[in-house]
Amino acid sequence: MTFPFTGPWTSEHDGPLPDAADVLVIGGGIIGVMTTYFLALRGVRVVLCEKGRIAGEQSSRNWGWVRQQGRDPAELPIMIEALSLWRRLQRAIGEDIGLRQEGVLYLANAAKDLEGFEAWLPHAREHGLDTRMLSRGEVAAMLRHAADWKGGLWTASDARAEPWVAVPALARAAARAGAVIREHCAVRGIDVASGRVAGVVTEAGRIRADRVVLAGGAWSSLLARVHGVDLPQLSVRATVAATVPLPQVFAGNAADGHFAFRRRLDGGYSIAPGGAHEFWTGPDALRHFGLYLPQLRRDRRSTRFRALAPKGYPDAWGTPRHWDADRESPFERCRVLDPPPNMRFLDDVRSRFGETFPSLGRPGIAAAWAGMIDVMPDTVPVVDHVATLPGLTIATGMSGHGFGIGPGFGRVVADLVEGRAPGHDLSRFRLSRFTDGSKIDLGPSL
Ligand SMILES: Cc1cc2nc3c(=O)[nH]c(=O)nc-3n(C[C@H](O)[C@H](O)[C@H](O)COP(=O)(O)OP(=O)(O)OC[C@H]3O[C@@H](n4cnc5c(N)ncnc54)[C@H](O)[C@@H]3O)c2cc1C
């Protein structure tokens, strides 16, 4: 399998579409795939439509961290469940998805970073996590012959997986469990009859279904808006690279204020500029500006503004906001959102890596890529039924941390669409929080 997922490919899932399903899932990222998997296991007739290829967008481009550490308190119980699901999935699906429990380590460049780490510890204690503070000496013992940090925050039970291996493997497992998965099949719109969901219109025809899950990542708000659902979602570009194989200096995932790195199964490291991401302005960015002010103030050092979103991107000025369902939609015009990496950022990260690990030096790069991260104003997702359109459930806006928690939210969404109790308090993820007068309550920036 080649990575990044760009250029032409042969669809793995290209069978015929049925006329009807119990549940139709839009989007073949980790959230759509896991929802489909859990529904299929229960014998639900579920169809997943992906406009491009499974995991072509964020779900293959991410760092691969499966992290409990630093999570929003409302996400934490779902993430703890997700980690145990990851372990079960690794055994159940019979393919190595690269799951390794080698820990997550946050490194403090300054004493004030340690205060931020300490502040998260009560959440870890409440859930019995193994998270603990590390002294300067303990960090030095863990990362020998490396830069000097003031201390760290460490969760040994945290994990990593190989995203571009794991998500396609999980999709195959869903198909084996009975789901119909179809790539290269954009959903152009939702069929509405008598004020509720009646199915979807795809580029390959209509499918009847009275329950639809929208898990379209960075594209979700574009589709939702056609149906009168205002989802204040935007996206930012994040750049990553894979080094050539190098000796092991650390087996897990680590980040300080400047850059992040994690060991990969192929013996290299995935490296990335820590919090730095780029934000292109477009009509949605202007519309939602007020809601994003708290986040922009907090992250002003890590957000770089860019003029206009490139042609065809979800929030580009030229991207249509309305279209006829019998014509080509913006989703077909951009099968895989594949932003180019920012080579200046990468240059800087390579230098930092080399300075941090002088024994390894400035690393050679095997591949470089970027992904558009879908974000919400408070950096936590929307996972909710849509009150104004019965039958529609939204699971999106994972805000840069949806890979690790994917199996957890997949199980939760499967329960939601089946009308079962999801087993966790989902009020933090309600759609109405942006319109019911609630103050924006920012999730952690850890
Ligand atoms: C650089 C980077 C690093 C990250 N690091 C981490 C990390 O270490 N750990 C972590 O937990 N998370 C991480 N994330 C975030 C994580 O990757 C995402 O939160 C997660 O993959 C989102 O999954 P998703 O299924 O919601 O969306 P996506 O993976 O974006 O999938 C959505 C899919 O929907 C499809 N789609 C959209 N509209 C339609 C339509 N109308 N019809 C059919 N298909 C449609 C798209 O083609 C796409 O494939 C990172 C993200 C990036 C980009």
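The values are calculated or read from the model by the stated rules, or taken from the named source; none is laboratory data. Everything numeric here is computed off the predicted structure, so don't read it as measured data. Here the Cβ is made from the backbone with ideal geometry for all residues, glycine too, and neighbour counts use every protein chain on show. Note: areas computed on protein heavy atoms with side chains; ligands, DNA, RNA excluded. Shrake-Rupley method; radii C 1.70, N 1.55, O 1.52, S 1.80 Å.
Please work out the average accessible area per residue across region 316-425, using the 1.4 Å probe convention, and give it in Å².
Spelled out: the 1.4 Å probe surface of region 316-425, per residue, equals 38 Å².
If you take the Cα Rg of region 89-215 and divide it by 2.2 N^0.38 Å, with N the number of residues, what do you get?
Dividing the Cα Rg of region 89-215 by 2.2 N^0.38 Å gives 1.65.
Quick query: amide H of GLY151 versus all other amide H atoms, modeled in the peptide plane; which residues come in under 5 Å with a sequence gap of 5 or more or a different chain?
Hits under the 5 Å cutoff: ALA108.
If you roll a 1.4 angstrom probe over the protein chains with everything in place, what fraction of the accessible area of the chain belongs to carbon and sulfur, to the nearest %? All intermediate terms of the calculation are to be shown ahead of the outcome.
On the way: 8960 of 17260 Å².
It is 52 percent, rounded to a whole number.
For a test of the definition: using alpha carbon positions, the gyration tensor, and the 1.5 limit on a/c, classify region 206-302 as rounded, prolate or oblate.
The shape class here is oblate.
Within a Cβ distance under 13 Å of LEU246, other residues only, what is the Lys/Arg minus Asp/Glu net charge?
On the way: positive: ARG262, ARG263, ARG264, ARG350, ARG362; negative: ASP266.
It works out to a net charge of +4.
What full-extension length gain, to one decimal in nm, is calculated for ARG344 and HIS227 as 0.36 nm per residue of separation minus the Cα-Cα distance?
Fully extending the segment from ARG344 to HIS227 adds 38.1 nm.
Relative to the compact globular guide of 2.2 N^0.38 Å, what is the alpha carbon radius of gyration of the chain, as a ratio?
0.94
Toward the positive end of the charge dipole of region 292-446, about the Cα centre and with charges on Cβ (Lys, Arg +1; Asp, Glu -1), which of SER329, GLY397, PRO340 goes farthest?
Farthest along the dipole direction, towards plus: PRO340.
Just how large is the dipole of region 19-140 about the Cα centre, in debye to the nearest 20, putting +1 at every Lys and Arg Cβ and -1 at every Asp and Glu Cβ?
In debye, rounded to 20, region 19-140 gives about 220.
Given H placed 1.01 Å from N in the peptide plane, which residues other than close sequence neighbours of THR202 have an amide H under 5 Å from its amide H?
Under 5 Å from the amide H of THR202: ARG188, ILE207.
With angles folded into 0 to 90 degrees, how steeply does helix 289-298 sit against the dominant principal axis of the chain? Use alpha carbons for both and round to 10.
That helix lies at roughly 20 degrees to the long axis.
By how many degrees, 0 to 90 and rounded to 10, does the Cα axis of helix 30-41 deviate from the longest principal axis of the chain?
That helix lies at roughly 60 degrees to the long axis.
Using 0.36 nm per residue, how much length does the chain from ARG297 to ARG362 gain when fully extended, once their Cα-Cα distance is taken away?
Details: separation 65, 0.36 × 65 = 23.40 nm, distance 3.34 nm.
Taking ARG297 through ARG362 to full extension adds about 20.1 nm, to one decimal.
Residues with beta-carbon under 12 Å from that of GLY423, excluding GLY423: net charge, scoring Lys, Arg +1 and Asp, Glu -1?
Result for the local shell: -1.
In the chain, if the dipole is taken from +1 on Lys/Arg beta carbons and -1 on Asp/Glu beta carbons about the Cα centre, which of LEU222, ALA255, VAL236 is farthest to the positive end?
ALA255
Provide the per-residue ³J(HN,Hα) series for region 378-395, in order, calculated from phi with Karplus coefficients 6.51, -1.76, 1.60 and θ = phi - 60°, each as a whole number of Hz, with x at glycine and proline positions.
Ordered by residue, 3J(HN,Hα) equals 10, 6, 10, x, 9, 9, 6, 6, 9, 4, 7, 9, x, x, 9, 10, 10, 9 Hz.
I need to check one value: relative contact order of the chain, counting alpha carbon pairs closer than 8 Å and at least 6 residues apart, in percent.
For the chain, the relative contact order is 23 percent.
How far apart, in nm, are the 7 Å Cα→Cβ label points at ASP266 and ALA111?
4.4 nm
Enumerate the lysines that LYS311 could reach by cross-link, defined here as Cα to Cα under 25 Å, with residues fewer than 8 away along the same chain left out.
Filter leaves LYS51.
What is the list of residues in region 388-422 whose amide nitrogen lies under 18 Å from a point 7 angstrom out from the Cα of GLU12, following Cα to Cβ?
Residues 403-404, 406-407 qualify, since their backbone N sits under 18 Å from the label point.
Which whole-Hz couplings ³J(HN,Hα) result when phi for each residue of region 156-163 is put into the Karplus expression 6.51 cos²θ - 1.76 cosθ + 1.60, θ = phi - 60°, listed in order with x for Gly and Pro?
Those phi angles translate into 5, 7, 5, 9, 9, 8, 9, x Hz.
Can you list the HN-Hα couplings for region 50-58, worked out from phi with the Karplus curve (6.51, -1.76, 1.60; θ = phi - 60°), rounded to whole Hz and with x for Gly and Pro?
Calculated HN-Hα couplings, in order: 10, 5, x, 10, 3, 6, x, 9, 3 Hz.
Count charges around ARG208 for me, please; just the other residues with Cβ under 12 Å from its Cβ, Lys/Arg as +1, Asp/Glu as -1.
-1
Report the charge-dipole magnitude of the chain in Debye, nearest 20, computed about the Cα centre from +1 at each Lys and Arg Cβ and -1 at each Asp and Glu Cβ.
420 debye
Once you have a ≥ b ≥ c as the square roots of the Cα gyration tensor eigenvalues for region 320-446, tell me rounded if a/c is under 1.5, and otherwise prolate or oblate according to whether a/b is larger than b/c.
It comes out prolate by the Cα gyration axes.
If I take every Cα pair under 8 Å that is 6 or more residues apart in region 146-206, average their sequence separation and divide by the length, what percent do I get for the relative contact order?
19 percent
Can you give the translational diffusion coefficient of region 1-99 in µm²/s, computed by Stokes-Einstein from the Kirkwood radius over Cα pairs at 10 °C and 1.306 mPa s?
Roughly 102 µm²/s, to the nearest whole number.
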